[in-house]
Amino acid sequence: MNTEEQIKKHIADQTEPKRTEMQELHHIIRQIKPASKLWFLDGKNSEGKIVSNPNIGYGFYTIKYADGKTKEFYQIGLSANTTGISVYIMGLEDKTYLPKNYGTTIGKASVSGYCIKFKTLKDIDIETLKVAIQYGFEQNV
């Protein structure tokens, strides 16, 4: 199964209304940056043990670790979780940027240094989320 098929299956496997909302977010992110690389992480480590929720990723950047090692990863991530949906904006140097700039305007969401988590799209301002995603794509290019 290729990445697009894995993503399609992952979204289809969600229960409603999460399925529809994940599909809508996938479409929004693809509209913001249509040519971005797609990723699908199944949440399992190299031993096949589940270590996280599955993630859909968009874009590309290189993580640089303190020991000099590097790792290729996505810029924007999308994940269903037990209480809702998380949008990850990776690679931001300023971990206060998202909470300071979007925390009070996005609506009913938890905003951390790299994650915007909400129960349902009805709880948030989608235009504000789009601006945050666009900002994430513009970083680490």
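The values are calculated or read from the model by the stated rules, or taken from the named source; none is laboratory data. Model, not experiment: these values are computed from the prediction. We place every Cβ from the backbone using ideal geometry, glycine too, and count neighbours over all the protein chains shown. All accessible areas refer to the heavy atoms of the entire protein, side chains included, with ligands and DNA or RNA removed. Shrake-Rupley method; radii C 1.70, N 1.55, O 1.52, S 1.80 Å.
Details
- Only lysines eight or more places from Lys49 in sequence, or on another chain, were considered; those with a Cα closer than 22 Å are Lys9, Lys71.
- Remark: the chain carries 58 Å² of accessible area per residue (probe radius 1.4 Å; ligands, DNA and RNA excluded).
- Net charge over other residues, Cβ less than 14 angstrom from the Cβ of Glu72 (K, R count +1; D, E count -1): +4
- Pairs beyond 22 Å (Cα-Cα), from Lys69/Lys130; Lys18/Lys95; Lys108/Lys130: Lys69/Lys130; Lys18/Lys95
- Euclidean distance of C-alpha centroids, the stretch 14-38 and the stretch 84-115, integer Å: 18
- Just the protein heavy atoms count here, and of the accessible area of the chain at 1.4 Å, carbon and sulfur take up 51 percent.
- Sequence-distant residues sharing a close amide H with Phe40 (under 5 Å, placed H): Gly57
- Proportion of all alpha-carbon pairs of the chain beyond 17 Å (%): 60
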